[in-house]
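Only one structure is covered here, and it is reproduced in the block below.
The values are calculated or read from the model by the stated rules, or taken from the named source; none is laboratory data. Since the structure is predicted, the reported quantities are computational estimates derived from the model, not experimental observations. Cβ: placed from backbone, ideal geometry, glycine included. Neighbour counts: every protein chain shown.
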Amino acid sequence: MRKLLFAGFIWEVVRFLYMYIFASAAQNSDLFIWMNAQQIVTAVGMFFLAYNFDRYRQYAMLMFIAKLSGILADFIFIYKLGGTAKSLDMTSLLIPAVALVLDLFFGCILFFASRKPEDEE
């Protein structure tokens with residue numbers, strides 16, 4: 001579990017950088033702020049969960065809820081990208097789709113990490 005949470009932390013940092021580069025290329029800082037409002041908190045939270053899971057386990061549900069807002073932002077981003085692209089092809093949706101799949105995966109990890117030990121029986 002700790003390795004998956006650490007991988008989730010790395011993914012959150014990569015996702016943050018990807019969105020920063022995308023917003024810089026689009027020259028739209030409002031989009032960057034909106035899409036990454038929860039990003040830093042989620043990255044730091046996943047780091048602490050990976051670092052000392054037993055101590056910070058009670059924050060796993062909060063991290064899961066923050067991840068849900070990131071997943072919602074992914075869906076909105078893909079919807080907006082599909083609506084504004086004049087010639088939409090699969091390559092333009094590939095990176096956002098991979099980001100959505102990874103966010104869903106780490107959201108599931110956070111959901112299962114937030115379960116109490118007596119729930120696992």
(request) Consider only pairs whose beta carbons are under 8 Å apart and that are at least six residues apart or on different chains; among these, list those whose first residue lies in the stretch 53-67 and is over 13 Å from Leu5 (Cα atoms) and buried (at least 20 other Cβ atoms within 10 Å of the Cβ) and whose second residue is hydrophobic (A, V, I, L, M, F, W, C) and modelled with pLDDT under 90. (result) Ala66/Val41
(request) Please enumerate the residues belonging to the stretch 74-121 that are over 26 Å from Ala7 (Cβ atoms) and at pLDDT 75 or above. (result) Tyr79
